[in-house]
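Just below is one structure, and these are the notes that go with it.
Read-outs: derived from the displayed coordinates by stated rules, not from any lab. No experiment lies behind these values; they were computed from the predicted model shown. Reconstructed Cβ throughout: ideal geometry from the backbone, glycine too, with neighbour counts over all protein chains shown.
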Ligand code: ADP
């Protein structure tokens, strides 16, 4: 079993030709509501990749909350520990322009209520093979989750997004850090040189995977002298939203099954490559049979 401690958001996406400037109104051509939040995305990815997954987090008492619960359940995620708190569900207000560039406002809503863990949350984390963490819940809960995992020998896999400096207690309780290129640059101050960034991060965590979009990923470990590159399969990307979350979810499943790191990274790369060929985040995530094929 894999436990995810993280966010659930409804993405409210407006598609326009040119994004409005301050004070300006523009007419767009399409609106979609898409289930999201890094926590929920990683939970769906791991469940579809074949693991038993429990999600800890919170939705609000609105329609978005009901839809997010249904989406998670529909992918087989155990939501017994997903709280419903009075007030709105987290939302991400996204404007996507003709070039695919976006600007985003996130309102944490119910996610902000998860400041600490219950006894039941701690028990489910302690019994898991791994704990998946991101930074869209209050830091106090993320830290508490990481420390419970660490005390119980549960592998912690941290996606350091949104990019921000990390408290040293969190790094000390992280087994595997999975930043994208931008997050790795924020954490290290090194941009344009993933190899050097990965080596710098090894001073803080024992293992690092930096994802590099269409260029694949780079794995570095204190146990080996040189970082190893794993290429992404060449595919035509339609929508890369959630690529990183698909990658992490599948990676966690492969590692929980005891597969060696490079095999696990190759399998996770196949999962992410499948997801970028289809529109949407959670809705585009592949099932185990597709990844194996
Ligand atoms: P994020 O979505 O967090 O920004 P990346 O863009 O680095 O993360 O993508 C995560 C992983 O998804 C990559 O390491 C790669 O395996 C896969 N991926 C992303 N974009 C593509 C692409 N255009 N073609 C193939 N694989 C991709």
_Considering only the stretch 17-30, I want to know if a residue exists there that is touching a strand residue (DSSP E or B) at 6+ places or on another chain (Cβ under 6 Å) and assigned to a strand (DSSP E or B)._
yes
*When only residues in the stretch 176-185 that are touching a strand residue (DSSP E or B) at 6+ places or on another chain (Cβ under 9 Å) and part of a helix (DSSP H, G or I) count, which is farthest from the ligand (Cβ to nearest atom)?*
184
*Identify the residue in the stretch 135-144 that is over 13 Å from the mean Cα position of the chain (by Cα) and within 20 Å of residue 106 (Cβ to Cβ) and, among all such residues, is surrounded by the fewest Cβ atoms within 10 Å (Cβ to Cβ).*
140
_In the stretch 247-261, residue surrounded by the most Cβ atoms within 10 Å (Cβ to Cβ) [restricted to those that are more than 7 Å from the ligand (Cβ to nearest atom) and under 16 Å from residue 212 (Cα atoms)]_ = 251
*When you scan the stretch 220-244, how many residues do you find that are in contact with a strand residue (DSSP E or B) (Cβ under 9 Å, 6 or more places away or on another chain) and within 13 Å of the ligand (Cβ to nearest atom)?*
8
*When the residues of the stretch 155-175 are filtered to those that are under 19 Å from the mean Cα position of the chain (by Cα), more than 16 Å from the ligand (Cβ to nearest atom) and outside any loop (DSSP other than H, G, I, E, B), which remaining residue is surrounded by the fewest Cβ atoms within 10 Å (Cβ to Cβ)?*
171
_Looking at the stretch 191-219 only, could you name the residues that are without any contact (Cβ under 8 Å) to a residue 24 or more places away in the chain and within 16 Å of the ligand (Cβ to nearest atom)?_
191, 192, 193, 197, 214, 215
*Quick one: residue 127 ticks every box in (1) under 18 Å from residue 252 (Cβ atoms); (2) surrounded by 17 or more Cβ atoms within 10 Å (Cβ to Cβ); (3) in contact (Cβ under 8 Å) with a residue 60 or more places away in the chain bar one, so which box is it?*
(2)
*Within the stretch 176-196, considering residues that are within 20 Å of residue 6 (Cβ to Cβ) and over 16 Å from the mean Cα position of the chain (by Cα), the one surrounded by the most Cβ atoms within 10 Å (Cβ to Cβ)*: 187
